[in-house]
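Each remark here refers to the structure printed beneath this line.
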Amino acid sequence: MKLAGLLYTLTALYAAGYSGEVLFSEDFSSIELESCWILYGDPQSGILDSLGVPPPCFINNGDSMYGSGVFSRTVFEIGEGLGVECDMYLECSERGTWVTAALCITTPGFRNEITRNNFSIARIEIFYSGELDWAMPHRQCVLKFNTGNNEGVIYGIEQHHQNNLLSSWHNYRIEIGSDRMVSFFIDDSLVGSSQVMIPDTVETVRIQLGDRSSNWGIALHDNLVVYRP
């Protein structure tokens with residue numbers, strides 16, 4: 001087992017005032033990704049031996065249009081609150097685009113579309129918009145976080161030119177409070193709070209990692225921890 005990255009993550013949690021219960025952790029040191037994760041997309045996600053904090057780590061391998069990734073096989077109860085954090089790394093050519101690292105909390109049956117029964121509850125992602133993104137080629141590194149509910153109401157923020165997040169590992173965290181509002185953190189700093197409450201009809205969730213990729217860059221994930229705040 002790859003203990004160094006997990007111990008670093010847990011130490012950071014305690015330093016940030018965390019005193020809750022760890023429900024699940026994943027450092028991607030096992031080659032049997034499917035034992036804990038449901039894979040989707042083509043090409044499928046995998047484990048990269050050469051990079052990580054420390055290596056190995058998760059690589060989503062998604063295509064440039066539809067993306068690929070994983071959903072946790074474990075279903076977690078929201079209860080009086082739930083948190084998930086993950087180290088993520090994004091690198092992309094200045095001209096490139098369609099490379100995204102994402103950490104998400106979803107309803108158990110969600111795959112890729114909002115419906116009244118299954119939807120993405122909370123999501124934080126970084127992606128790159130270079131010259132090939134002809135619609136908006138000059139956004140560069142984009143940080144995006146949003147929340148949604150079963151009525152299709154979405155609250156989201158995009159912050160452009162976040163190039164300080166490129167080509168280095170950073171810790172991304174989503175916390176659902178006891179009031180069912182969502183907070184987003186990067187490297188223990190609060191970067192956003194939702195204006196959309198998670199419906200009290202949603203009792204359980206899965207964790208989702210991954211999104212689009214292309215030959216222009218790479219998106220990596222490591223040291224995931226699901227915990228009770």
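Tabulated data for the structure shown
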item: Among the residues listed as Ser167, Ser194, the single one being of a type in the set (Gly, Ala, Ser) and at pLDDT below 95; result: Ser194
item: Count - residues of segment 61-106 that are among the polar types (S, T, N, Q) and part of a loop (DSSP other than H, G, I, E, B); result: 5
item: Residue count for segment 2-40, restricted to those that are part of a loop (DSSP other than H, G, I, E, B) and either of a type in the set (A, V, I, L, M) or at pLDDT below 90 (or both); result: 9
item: Scan of segment 89-106 for residues that are closer than 20 Å to Asp133 by Cβ and hydrophobic (A, V, I, L, M, F, W, C), ordered by number; result: Leu90, Cys92, Trp98, Val99, Ala101, Ala102
item: Any hit, segment 107-114, residues being under 16 Å from Ser213 (Cβ atoms), touching a strand residue (DSSP E or B) at 6+ places or on another chain (Cβ under 9 Å) and crowded, with 23+ Cβ neighbours inside 10 Å; result: no
item: Hey, Val53 in a strand (DSSP E or B), modelled with pLDDT of 90 or more and either surrounded by 14 or more Cβ atoms within 10 Å (Cβ to Cβ) or more than 16 Å from the chain's Cα centre (by Cα) (or both) or not; result: no
item: Qualifying position, being free of Cβ contacts under 8 Å to residues at least 24 places away in the same chain and of a type in the set (Asp, Glu), among Asp188, Asp179; result: Asp179
item: In segment 127-140, the residues that are surrounded by 20 or more Cβ atoms within 10 Å (Cβ to Cβ) and more than 20 Å from the chain's Cα centre (by Cα); result: Gly130
item: Checking Val22 against (1) surrounded by fewer than 16 Cβ atoms within 10 Å (Cβ to Cβ); (2) closer than 18 Å to Thr107 by Cα, the condition it does not meet; result: (2)
item: Count - residues of segment 64-106 that are within 18 Å of Ile218 (Cβ to Cβ) and surrounded by 14 or more Cβ atoms within 10 Å (Cβ to Cβ); result: 21
item: Members of segment 171-228 that are in contact with a strand residue (DSSP E or B) (Cβ under 6 Å, 6 or more places away or on another chain), within 18 Å of Leu90 (Cβ to Cβ) and either surrounded by fewer than 16 Cβ atoms within 10 Å (Cβ to Cβ) or of a type in the set (Phe, Trp, Tyr) (or both); result: Tyr172, Phe184, Phe185, Asp187, Trp216
item: Tally of residues being over 24 Å from Thr107 (Cα atoms) and among the aliphatic types (A, V, I, L, M) across segment 142-189; result: 3
item: Output for segment 141-169, where each listed residue is touching a residue at least 24 places away in the same chain (Cβ under 8 Å), out of contact with any strand residue (DSSP E or B) (no Cβ under 6 Å at 6 or more places or on another chain) and either within 21 Å of His221 (Cβ to Cβ) or surrounded by 15 or more Cβ atoms within 10 Å (Cβ to Cβ) (or both); result: Asn149, Asn150, Ser168
item: Failed condition for Ile47, given (1) surrounded by 21 or more Cβ atoms within 10 Å (Cβ to Cβ); (2) among the β-branched types (Val, Ile, Thr); (3) touching a Cys at 6+ places or on another chain (Cβ under 9 Å); result: (1)
item: Selection count, segment 195-229, where residues are over 17 Å from the mean Cα position of the chain (by Cα), aromatic (Phe, Trp, Tyr) and outside any loop (DSSP other than H, G, I, E, B); result: 0
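The values are calculated or read from the model by the stated rules, or taken from the named source; none is laboratory data. Quick caveat: nothing in here was measured; it's all calculated off a predicted structure. Cβ: placed from backbone, ideal geometry, glycine included. Neighbour counts: every protein chain shown.
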